[in-house]
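**Student:** Before I ask anything, let me first share the structure, which is written out below as structure tokens.
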Amino acid sequence: MRDNKSVKRRSIVLLGSTGSIGTQALDVLARHPEDFELAALAAGSANVPLLARQVWQFRPRLVAVSTDDAALRLQRELATLAKHGSVPPSGRAENVAGGGAVTGGAASAKPPAGEIVAGQDAAAKAAGLGVDVVLNGITGAEGLKPTLAALDSGAVLALANKESLVMGGALVKSRAKAPDQIVPVDSEHSAIAQCLRAGRPVEVDRLILTASGGPFRTWTSQQMAAATKEQALAHPTWNMGAVVTINSATLINKALELIEAHLLFDVPSQRIDVVVHPQSVVHSMVAFRDGSIIAQASPPDMRLPIALGLSWPVRLPEVIAPVDFSAGTTWSFEPLGPQAAKAVGLARQALGASPLHPAVLNAANEVCVAAFLADRIGLLAIVDTVARVLDSFAPPGLTAAAAGTSGALIPTLDQVLAADRFGREQAAKVLEGA
């Protein structure tokens, strides 16, 4: 039953609409048209036909693309859709949000009349539109400027782009106008946010991040050294984009999530644990000082944390089917293996070194993942290279930065971007000499 008094219709900007997070978010919006209005979409240039079908279905007033060429291709795709009416050129009805029959926002034969903007700052323009919620589903460091634009606009930031918080750190947090302006969308951090409602901050003992262990959970280091990208992309429980899937295979994803948890919830990294949970049903836990542990459990389906990010703190009805306890089930937990522990250890190293080291970690990792996907390096070289780059970074003085209320130094945007650039350039040098 819907509680209409607790649900306010919200205007949404979706960044990264053609990616894994974006397509699942559109599925949530399509199933809850009474709760949300899609004001803008932003995407790269990799899948313009899909973007055109999304624009055709949802009819946002603004569409942002990364290049002028993508804008021209989008206009041509929309013209083709107009020629064929509401049915794609294939003659097959499809749900552009993520598969299946068309649901919600069914388009007429009249072409959409929204504005198209292009360029490197197009996504940031969409993020700063002035809506209720901006869902940042962009992958990688390019999500930083849109994250800042969303916060500056006063919108709630539903954050799936963990990299922008990891690299921006205190800078991103300082731009938030209220403690709850940033709502996590990563399943682990969404779980922690839900569990934290069970007690007061002073009662929290530890945060416990769960990790599936990825496709190589039971592999030896020798086996992992020979792993192919096809094997690394075959995640056992989640369907994600290529970069996040590789990060899960190396456990760098959990290093980034540990940094993110520290920043989101103001818990020292020494009080954040990581445990392997292969079934990916318990998404994370919070241990309280009295010995209680509160866990959030649900099937591994990102639509749940996405929906909660869009509607926080209100829960939408019937987003996904819950865990079925009528059938026997077993959940297991185990400690990190040596290779995984090495990856997660980089997060603690970066947080202990300086406010700029996490930006270096993220940048070096992005370069290494791209090299692995291009068959230039082996899987284990990713973590090894990131570790070498972190060790080589000597941060500049942060005297020009403002001090936050906690006394922590807040890097400027230029300093963050410089650290990001160092990480990329140094990783490239290490890989060239490998």
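**Student:** Only one of Pro299, Pro305 is surrounded by 14 or more Cβ atoms within 10 Å (Cβ to Cβ) and part of a helix (DSSP H, G or I). Can you tell me which?
**Tutor:** Details: Pro299 fails: part of a helix (DSSP H, G or I).
Just a single option satisfies the conditions, and that option is Pro305.
**Student:** Asp152 - would you say it is of a type in the set (Asp, Glu) and either modelled with pLDDT of 95 or more or under 27 Å from Arg76 (Cβ atoms) (or both)?
**Tutor:** Yes: the conditions hold for Asp152.
**Student:** Regarding Phe333, is this residue more than 23 Å from the chain's Cα centre (by Cα), surrounded by fewer than 20 Cβ atoms within 10 Å (Cβ to Cβ), modelled with pLDDT of 95 or more and not hydroxyl-bearing (Ser, Thr, Tyr)?
**Tutor:** The answer is yes for Phe333.
**Student:** Answer with yes or no whether Asp375 is at pLDDT below 95 and on the phi > 0 side of the Ramachandran plot.
**Tutor:** So Asp375 fits the description; yes.
**Student:** Working carefully through the options Gly154, Gly213, find the one that is assigned by TED's automatic domain parsing to the domain that holds Gly22 and in contact (Cβ under 8 Å) with a residue 24 or more places away in the chain.
**Tutor:** Gly154
**Student:** Write out, first by first residue and then by second, each pair whose Cβ atoms fall under 7 Å of each other, whose residues are 6+ apart or on separate chains, and whose first residue, in the stretch 56-82, is free of Cβ contacts under 8 Å to residues at least 60 places away in the same chain and over 16 Å from Val117 (Cβ atoms) while the second is assigned to a helix (DSSP H, G or I) and among the aromatic types (Phe, Trp, Tyr).
**Tutor:** Within 7 Å, the pairs are Leu81/Trp56.
**Student:** Does Val117 count as under 22 Å from the mean Cα position of the chain (by Cα) and either outside the structural domain of Gln24 (by TED's automatic domain parsing) or not in a helix (DSSP H, G or I) (or both)?
**Tutor:** Spelling it out, it is not the case that Val117 is under 22 Å from the mean Cα position of the chain (by Cα) and either outside the structural domain of Gln24 (by TED's automatic domain parsing) or not in a helix (DSSP H, G or I) (or both).
**Student:** Another question about this same structure. Any idea which of (1) surrounded by fewer than 22 Cβ atoms within 10 Å (Cβ to Cβ); (2) modelled with pLDDT of 95 or more is the one Ile192 doesn't satisfy?
**Tutor:** (1)
**Student:** Ok, one more. With respect to Thr245, is the statement that it is without any contact (Cβ under 8 Å) to a residue 40 or more places away in the chain, assigned to a helix (DSSP H, G or I) and either surrounded by fewer than 18 Cβ atoms within 10 Å (Cβ to Cβ) or β-branched (Val, Ile, Thr) (or both) true?
**Tutor:** So Thr245 passes the test.
**Student:** Right, another one. Hey, can you tell me all the residues within the stretch 148-175 that are within 16 Å of Ala419 (Cβ to Cβ), outside any loop (DSSP other than H, G, I, E, B) and not charged (D, E, K, R)?
**Tutor:** Leu148, Ser164, Leu165, Val166, Met167, Gly168, Ala170, Leu171, Val172
**Student:** For the condition assigned to a helix (DSSP H, G or I) and free of Cβ contacts under 8 Å to residues at least 40 places away in the same chain, what is the one hit in Ala30, Ala52, Ala25, Ala46?
**Tutor:** Details: Ala30 fails: free of Cβ contacts under 8 Å to residues at least 40 places away in the same chain; Ala25 fails: free of Cβ contacts under 8 Å to residues at least 40 places away in the same chain; Ala46 fails: assigned to a helix (DSSP H, G or I).
So the residue among Ala30, Ala52, Ala25, Ala46 that is assigned to a helix (DSSP H, G or I) and free of Cβ contacts under 8 Å to residues at least 40 places away in the same chain is Ala52.
The values are calculated or read from the model by the stated rules, or taken from the named source; none is laboratory data. These figures come from a predicted structure and were not determined experimentally. Using ideal geometry, Cβ is built from the backbone for each residue, glycine included, and neighbour counts are taken over all protein chains shown.
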